[in-house]
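Shown next, in structure tokens, is the structure this report addresses.
What follows draws every value from the coordinates through simple rules; no lab data is involved. Computed from a prediction, not measured in an experiment: that's the story for all the values here. Here the Cβ is made from the backbone with ideal geometry for all residues, glycine too, and neighbour counts use every protein chain on show.
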Amino acid sequence: MHAVRLQTEYLTNPMGIDIQNPRLMWNCESGIRQTAWEIICRNSSGVTWDSKKVEGSSMRAVYPRELSSREQITWKVRLWDENDIPGEWSEGTFEMGLLKASDWKAQWISGDYRVRRKNRYPVDCFRKTFKAMTGSARLYITACGLYEAVINGRRVGDFVLAPGHTDYRKRIQYQTYDVTDLLVPGINVMEIELADGWYRGSCGAWGLRNQYGTRTKVIAQLEADGQAILVTDSSWEWSNDGPIRFADNQDGEVVDGRMTPGYGGKAAVTSHPVTPSASNNVPVSEGEHFSPDILTTPGGKTVLDFHQNIAGYLEFTLNANAGQRVFLRFGEVLDENGEFTQKNIQCASKKRVTPLQQVEYICKEGKNYYKTRFAIFGFQYALLETDADWRPEDFTAIAVHSAMEETLDFSCSHELINRFAKNTLWSARNNHADVPTDCPTRERHGWTGDAEIFVGTACYLFNYDAFAGKYVRDMQDSQRRNGNIRQISPVGGIDFYMNTMDGSAGWSDAIVLIPYRIWKMYGDDKILETTYPSMRRYTEYKIRSLGKWYRTSKPTGIERGYRRYISNYGQSYGEWSEPIDVKPFRTSDFISPHPEETTAYIVYLLEHMGQIAEALHLTEDQERYAFLAGEVRKGYQKLSETRKYTLDTDRQARLVRPLYMRLLNEEQTAYAKDRLLQALDHYHWHLGTGFLSTPFILPVLQDMNPGYAYRLLENEECPGWLYMAKAGATTVWEGWEGHDSHNHYSKGAVCEWIISQMCGIQVSGENHFIIAPVPGGSLSYARASYRSVYGEVESGWERNGERTVFTGKIPSNCTACVRLPGGKEYTVGAGTFNFEE
Ligand code: BGC
């Protein structure tokens, strides 16, 4: 037996992390059971840790020694199998970044000009010539803005939109690059370009600017064999007369290919109050490439169709004359007349329409190469206007997203379900650019609710732990003094009227629900420990809201004694975005509390907190939260008996939520189940839920009868999941009808049900799975293979007349409880299984 897929802190051979006592992790291959392991770690001076043979089946160990800045560790691990035979060694590495403020010898530098808030500026260009010898070299670099560094004409690393998105006023992440191969002995040149990025460029739905600061700046330190050989300081040359005349995350770029930076000035030295820290996350990088088909619209416009809605940008190579112009606009759809449009993704005020998602490029004489450098766009189509000669093959679209390992393979006999699952993967890729976003076009915000709704699916699609950990830190960074959690993190680009919605049920609860899920899927108890203080402050804030009255609160009709267990406080979204004929939107929805949703989520929150407190051995908290959950649940039950919040309703969400969260007493539960079936009948078995309850409805129906869940899932009409796939979508839409954004992943959260129930793959504690497939509907087979944190697990079923065959594979060193629909249960170990019923 030997170890494969070696990871440090859920990352493969990471460089520049700053986590002390990192977890070393592996999967097992070729053997049934790991009975012992041994790890030997070395740095440049020799062995730093030899665990010796340790009995046990755990596929992770904590590095026990203190690590210093720049320390490079090579670790090797060997395993003993069920016959106590040791296998071959496997090897991994990790490298620490700069751990102390005093490690930074570099200074922050910026362009030498007076910044006016209202003005926009070209990209800054910095340059420095320096001497180097050969040897191992690292570049530590970050920016308030976006940077791209080049050494001797070659780009450093592949991080797009570096340094990523945080609240730069509180935390700023640096990257560590191995630049050994870029250096030459003797004279070298390093250039850095610096753009506005999220820091001072457009942010959020209304493209607000200067959200984190007004003066963009960069800091870089190049080290050879651990010694700084080049640091940013006042000796760097600077100018802003390079080709990129304008760069904005949302509005795009203006580039003059004829220009080259003159470096006529000097960099200005500045400062930043926060010491950079490592991101401990995957980079954002280029992924899939697409070639276009060319359309001529009825209005005579030329449009490039890449056939896949992506987040990314475009590159082209053209032979042109100096001064010829290429203009591109990026959009997701064609309008009802077949014309290019951006209307579905833009917000328009009197002052501005945003995002523009456009590129204007002025050619130089001869060969022109262009690729967007400081923006990504959400698009399938590009409107092209140019007076230069071009061919379709001159253009390529490139998807850009966080480079998480993809971990799922799924297929079934229903083509539209396959299509929908693929679309969900695409929307998930498109909405992970260092931060999980709502969409890659209009807002590009780290909406907590979207991420919370989707986290279960994200954990099947990706190796998600490191990414989620970074986002949880973003949420912690923006936590309010009173404990409330923002609806959007990193905070920035948020309009004043939205601040009042912080704490919205189902959105801000992400601070508890995301780490909880990460803990369950990845066995990550550290995320609970590090987030617990923030979770607790948020929970206490929510508890304080019980029984309080808000200025726009409406009477609930609930008996006096129970009011203290109802949250009728603050503004919140409620269920949000139910189909219009189920519940038309009213502005009062925006400015009033939603006692039903909020109270339900407080119970849900308290129950999760109870489990988390138990896992952390915090008995007092555990008991308090369990007790309060019981009391608030009683309040919710009383609320359900009032006229306003009665269970006698056709609003599916009102029935699905309490059933999913088990909020009702026995009698109410039975009633709600019947009433839900009636509500579905009244709505022709279309989905009538909104933002929050859509992921809950299939588990609730399955619990009643799996046939109901399949009936709803397979409905191809609108509103319904498959309607989008049927309409030719390549991503998941924001609204069921497809009028607005075409790239919101949250409705794809139903894929969690597809994998965990239809295919039946559930992670259930360390090295253990529950395999409980639920065949149904018109499907003749379904299968999935999931590269879980404990190894690759497979489960599938195929119908054969009256019989169904269940097959799968449990990874080495793992066990599973296979539960068949007929009620039989089997305990299986590593290897394949095959049952029939
Ligand atoms: C965003 C959503 C978000 C919602 C809050 C929308 O504008 O795009 O995905 O969660 O607002 O209601």
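Shape of segment 229-289 from its Cα gyration tensor (a ≥ b ≥ c, root eigenvalues): rounded if a/c is under 1.5, otherwise prolate when a/b > b/c, or oblate?
Oblate, since a/c reaches 1.5 and b/c is not below a/b.
With n ≥ 4 as the cut-off for DSSP H runs, can you work out [θ] at 222 nm for the chain, using -39500 (n - 2.57) per run divided by the number of residues, rounded to the nearest 500?
The helix-only estimate for the chain comes to -7000 deg cm²/dmol at 222 nm.
For segment 74-182, what's the relative contact order in percent, using C-alpha pairs closer than 8 Å and at least 6 residues apart?
It rounds to 21 percent for segment 74-182.
What are the equivalent ellipsoid semi-axes of segment 5-106, built from the alpha-carbon gyration tensor (square roots of five times its eigenvalues), in whole angstrom, biggest first?
They are 29, 12, 10 Å, listed largest first.
List the trypsin sites (Lys or Arg not before Pro) within segment 69-123 that fall in a DSSP loop (any state other than H, G, I, E or B) and whose Cβ has at most 10 other Cβ atoms within 10 Å.
Within segment 69-123, the qualifying trypsin sites (Lys or Arg not before Pro) (loop, at most 10 other Cβ atoms within 10 Å) are 100, 114, 116, 117, 118.
Checking the a/c ratio against 1.5 first, then a/b against b/c, what shape does the Cα gyration tensor give for segment 447-554?
Note, shape of segment 447-554 comes out prolate.
Fewest to most neighbouring Cβ within 10 Å: what's the order for 349, 413?
Fewest-to-most ranking of 349, 413: 349, 413.
Using only the alpha-carbon atoms, how far is helix 448-461 inclined from the longest principal axis of the chain? Give it as 0 to 90 degrees, nearest 10.
90 degrees
Can you give the translational diffusion coefficient of segment 610-757 in µm²/s, computed by Stokes-Einstein from the Kirkwood radius over Cα pairs at 25 °C and 0.890 mPa s?
It comes out at roughly 145 µm²/s.
Given the C-alpha atoms of segment 1-61, compute the convex hull and give its volume per residue in Å³.
So the per-residue hull volume is 93 Å³.
What's the exposure ranking of 666, 717, going from fewest to most Cβ atoms within 10 Å?
Ascending Cβ contact count within 10 Å gives the list 666, 717.
What's the ranking of 804-810, 42-48, 271-277 by average number of surrounding C-beta atoms within 10 Å, highest first?
So the order, starting with the most tightly packed, is 804-810, 271-277, 42-48.
Note down the nm distance, to one decimal, between modelled labels 7 Å out along Cα→Cβ at residue 620 and at residue 325.
Placing both labels 7 Å beyond Cα along the Cβ direction yields 7.0 nm.
What Kirkwood Rh does segment 233-367 have if only Cα atoms enter the pairwise 1/r average? Answer in Å.
18.6 Å
Students often check this: by mean Cβ neighbours within 10 Å, which of 305-315, 6-16, 698-708 ranks highest, and how do the rest follow?
Ranking the peptides 305-315, 6-16, 698-708 by packing returns 305-315, 6-16, 698-708.
List the equivalent ellipsoid semi-axes of the chain in whole Å, largest first, each obtained as the square root of 5λ for an eigenvalue λ of the Cα gyration tensor.
Whole-Å semi-axes of the equivalent ellipsoid: 43, 34, 28.
Counting other beta carbons within 10 Å of each residue's own, what order do 814, 718, 41 fall into, fewest first?
718, 41, 814
With a 10 Å radius around each residue's Cβ, average the other Cβ atoms per peptide and rank 278-286, 256-264, highest first.
Ranking, from highest mean packing down: 278-286, 256-264.
If you build the convex hull over the alpha carbons only and average its shadow over all orientations, what do you get for segment 323-458? Give it in nm² to one decimal.
Averaging across all directions leaves 12.0 nm² for the Cα convex hull.
Ratio of Rg to Rh for segment 316-374, alpha carbon only, Kirkwood?
In segment 316-374, Rg relative to Rh is 1.09.
What angle do you read, to the nearest 10 degrees and between 0 and 90, between the alpha-carbon axis of helix 694-704 and the longest principal axis of the chain?
Orientation of helix 694-704: about 30 degrees from the principal axis.
Rounded to whole Å and sorted largest first, list the principal axis extents of the Cα atoms in segment 138-180.
33, 16, 12
Compute and list, largest first, the equivalent-ellipsoid semi-axes of segment 358-435 from the alpha carbon gyration tensor, each √(5λ) rounded to a whole angstrom.
After diagonalising the Cα gyration tensor, the semi-axes are 34, 16, 11 Å.
Going down the table (520/824; 548/673; 170/350; 350/583), which pairs top 28 Å between alpha carbons?
Distance filter (> 28 Å) returns 548/673; 170/350; 350/583.
Using only the alpha-carbon atoms, how far is helix 666-682 inclined from the longest principal axis of the chain? Give it as 0 to 90 degrees, nearest 10.
Roughly 70 degrees between the two axes.
Rounded to the nearest 0.05, what FRET efficiency do residue 585 and residue 117 have when you use their Cβ-Cβ distance and R0 = 41 Å?
After rounding to 0.05, the efficiency reads 0.70.
Note the per residue figure in Å³ for the convex hull of the C-alpha positions in segment 555-696.
Considering the Cα atoms of segment 555-696, their hull volume per residue is 115 Å³.
With N set to the number of residues, divide the alpha-carbon radius of gyration of segment 669-726 by 2.2 N^0.38 Å and report two decimals.
For segment 669-726, the normalised Cα radius of gyration is 1.06.
Taking the inverse of the average 1/r across all pairs of different Cα atoms in segment 92-237, what Kirkwood radius in Å do you get?
So the Kirkwood estimate lands at 15.9 Å.
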